[in-house]
Amino acid sequence: MEKIQRMSDPIAERIAECAIDQGYDTIFDRAKRMKPCPIGQEGSCCRMCHMGPCRLVGKNGENLRGICGADVDVVVARNFLRMVAAGAATHSDHARDLVFTLLSVARGETKDFQIRDKGKLLSVAMAMEIDHPVITELRGDSRVTEGDYDLMPWEIRNISDEQIMEIAEKVALKHLEQFGQQEGELVYLKRAPKGTYERWVKHNLRPRGVDREIAEALHRTTMGVDQDVDSLMDHTLRVGLVDGWGGCLVASDISDILFGTPKPIRSKGNLAVLKKDEVNVIIHGHEPALAQVIVDIHTDPELIAYARSKGANGINLAGMCCTANEILTRRGIGSAGSFLEQELAIMTGIVDAMVVDVQCVQPSIIPAAKRFHTKVVTTSPKGHLTEAVHIEFDEHNAKETAIKILKLAIDNFANRTGKGCPIDELQAKAAVVGFSREYFSYMQGGLFRKSFRPLNDAIMAGRIRGTAGIAACHHPGTVGASIQRYLIEELVRNDFFVVVAGCAGHAAVQMGFATPETAYNYSGPGMREVCEAIGMPPVMHIGACVDTARVLMIRTLMATTGGLSPEMAGMPSIAFAPEWWSEKALAIGTYFVASGSTVIFGGESPVKGSKRVVDIMENKWQEKVGAAFFFEADPEKMLQKGIEWVDTRREQLKLVKYQPGRFRKERVLMDMAARRELDKVAKPHVGLGF
Ligand code: MSK
């Protein structure tokens, strides 16, 4: 059989090769066999009714119409809007479930969850202008509404548990109202910088309510409703804003309130986190609630004793996909890998249970599991898999469900077949992860002087060329994570400060970029100097797909700190999703653009079929929201385009011209006297405490 590389991580690649040698059918084989329909791929196939499907083929699709008369521009725009709406539905529904959990905690209906970050709850309540005397007092008269608030410990010290629960209930109810709100605007929009918000007002882009805009997207795109490309693309921006400010940011905030706002924590990642002598339980999917409870109880002495009684040395938890990111960045639980590694994990033959909830769960894990002893456990009422064991979770029975699942895994340990692809001698990569916006502020000034000033100053001085985000999936049609690796390496070398999220976070961990040493091994001299001064790594893992919303707050604070652009648009920043495949990634890309942040996606463009839609996304959106949505398949051109975009923003902001190597310092060998002199200089940074 032809040997081709499938994954850039050598351990994943080794298991993939072993699996293929042993005749397993993996996602890589299926991707190779499947020839995507070129008409559907570029967005020119209309399946909105059953007169067709109409395939709008021909040179660039010009002058071609479907049976109803819809032209290719309308067809492409409708298809794109539907994909963004599907993505927004997933993230907002994820957020909704978390809001219900918060409501249950506030009402004392569950004991399995607590409010772990009271400061964050209060900060969110202040941003939502919750009507409660404590919040009114905290807000005072002078508070601005942009961004979010970092409360000092003494500001929350005297707030009673009862008041916290009252506020939590009000926050939960206000969020629930946002889903079904019919008029007005999402309350979170006011957290954006004023200039960004004003663009939304000017162009009538403010979403009224989460569900309303998503439902309207489906209505608009049915046959015979919205058949104007500009109008369809405006609604795409509106639904994008739903995804960012009504879905991802809500999910990220409520998770921080319930499970703790991440701060740097050591962990490790790749398939070698699995342990041969322990019960291995992989938690896979996206929703963090059950996963956090499984983490809470997996060290319970009774369960450990039960595992020992079955011949295992303990219980080993590992994450996968974005549930991995949730428990990796908050609890330091090792990550087994990204979307592309779910079958590979089972093929090690030592996974006793794979527990899944929603999103990015391949149905192929069932046939893979059948070749071994692995139990696949579904836990969400929305996410069933034929032939899986279904143990349903809701926030009222979390601990009970978690115990049941762990016992099932323990009981299954004895059923290992001894077959599979061995990982015995392999080593997991070390990582430092968990950089929330809040920690990022803290890192730049300590408790009393939290700020974004050092970052803005470093960008203004040209030490940091710009900021970049890399997020989204790994595509089976590429060598998994290879483009992400290329971009991270090149951006860091070019003095970019990089944040990663979603499966790109797994790539950073597996390649060893999620460590402070990256500054020494890869960084350009300017970025390295900043890393040394404030004790930060050049690549920060900020969490799961929904945590891409942390970037909204980072950029808002960069704007309000001053010295750069006063709004999100116009910043020397860029975001990439080089290996995307999910509708959720398109929704994230659209909310970035709608909020003023340009994105470059890789692979084949789903809007290539319409020059007009491409023009709207690349040019007209720049006039409206100050950002563009590009698709570029070639990784080198993608990088070039991103760098050029950032350099042009620097020019527009009249910042000093970035010069590679300008901050390169000659290495000086120091004697002890010189070192002592250095120690006398007060160090401004708080360090990461690694
Ligand atoms: S898990 S959406 S493959 S990033 Fe969030 Fe990874 Fe993409 Fe799923």
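The values are calculated or read from the model by the stated rules, or taken from the named source; none is laboratory data. All values derive from a computational prediction rather than experimental measurement. All Cβ positions, glycine included, derive from the backbone under ideal geometry; neighbour counts span all protein chains shown. The accessibility values were calculated without ligands, DNA or RNA, using every heavy atom of the protein model including side chains. Shrake-Rupley method; radii C 1.70, N 1.55, O 1.52, S 1.80 Å.
How much of the accessible area of region 205-307, in percent, comes from carbon and sulfur atoms when a 1.4 Å probe is used? Using a 1.4 Å probe with all protein chains present, region 205-307 comes out at 51 percent carbon and sulfur. A simple count of charges around Ile350, restricted to other residues whose Cβ falls under 11 Å of its Cβ and scoring Lys, Arg +1 and Asp, Glu -1, yields 0. Computed on the Cα atoms alone, the convex hull of region 488-534 gives a volume of 63 cubic angstrom per residue. Remark: relative contact order (region 44-141) = 13 percent; criterion is Cα-Cα distance under 8 angstrom and separation of 6 or more residues. Applying Stokes-Einstein at 25 °C and 0.890 mPa s to the Kirkwood radius of the chain, computed over alpha-carbon pairs, gives a translational diffusion coefficient of 95 µm² s⁻¹. Beyond a 31 Å Cα-Cα separation, which of these cross-linked pairs lie in this structure: Lys268/Lys584; Lys35/Lys419; Lys120/Lys620; Lys276/Lys584; Lys32/Lys611; Lys382/Lys620? In this structure, Lys35/Lys419; Lys120/Lys620; Lys276/Lys584; Lys382/Lys620 lie more than 31 Å apart at Cα.
Ordered by solvent-accessible area of protein heavy atoms (1.4 Å probe), largest first, the residues Trp581, Trp645 come out as Trp581, Trp645. Residue order by solvent-accessible surface for Phe601, Phe448 is Phe448, Phe601, largest first, with ligands and nucleic acids left out and a 1.4 Å probe. Shown for region 404-549: the carbon plus sulfur share of the solvent-accessible area, taken with all protein chains present and a 1.4 angstrom probe, equals 52%. Shown for the chain are the DSSP H helices of 27 Å or more along their axis, judged by Cα atoms, with a mean Kyte-Doolittle hydropathy of at least 0.5: 72-106. The per residue volume of the convex hull around the alpha-carbon atoms of region 545-609 is 81 Å³. Taking Cα centre as origin and charging only the Cβ of basic (Lys, Arg, +1) and acidic (Asp, Glu, -1) residues, the dipole magnitude of the chain rounds to 1300 debye. Any chance you could tell me what percent of the C-alpha pair distances in region 51-164 go past 18 Å? Considering region 51-164, 68 percent of its Cα-Cα pairs are separated by more than 18 Å.
Using the Karplus relation 6.51 cos²θ - 1.76 cosθ + 1.60 with θ = phi - 60°, the per-residue 3J(HN,Hα) values for region 437-442 come to 4, 4, 5, 4, 5, 4 Hz, with x marking Gly and Pro. Sorted largest first by accessible area at a 1.4 angstrom probe radius, with every protein chain in place, the residues Cys545, Cys37 fall in the order Cys37, Cys545. Ligands, DNA and RNA are left out, and with a 1.4 angstrom probe the accessible area of the chain is 39 Å² per residue. Other residues lying with their Cβ under 12 Å from the Cβ of Ile156 contribute a combined charge of -2, Lys and Arg counting +1, Asp and Glu -1.
The aspartates and glutamates within cross-link reach of Lys202, meaning a Cα-to-Cα straight distance under 13 Å and a gap of 8 or more places when in the same chain, are Asp234, Glu623.
For the chain, the residue among His132, Pro660, Val187 whose Cα projects farthest onto the positive side of the dipole built from Cβ charges is Pro660. Work out, in µm²/s and without decimals, the Stokes-Einstein translational diffusion coefficient of region 103-259 at 37 °C, 0.692 mPa s, Rh from Kirkwood over C-alpha pairs. Using the Kirkwood radius from Cα pairs, D works out to 193 µm²/s. Evaluated over the Cα positions of region 210-314, the convex hull gives a direction-averaged projected area, one quarter of its surface, of 11.0 nm².
Nearest 5 is fine: what % of DSSP beta bridges in the chain come out antiparallel, could you say?
15
Quote the accessible area belonging to Tyr439 in square angstrom, nearest 10, computed with a 1.4 Å probe and with ligands, DNA and RNA left uncounted. Surface accessible to solvent at Tyr439 totals approximately 30 Å².
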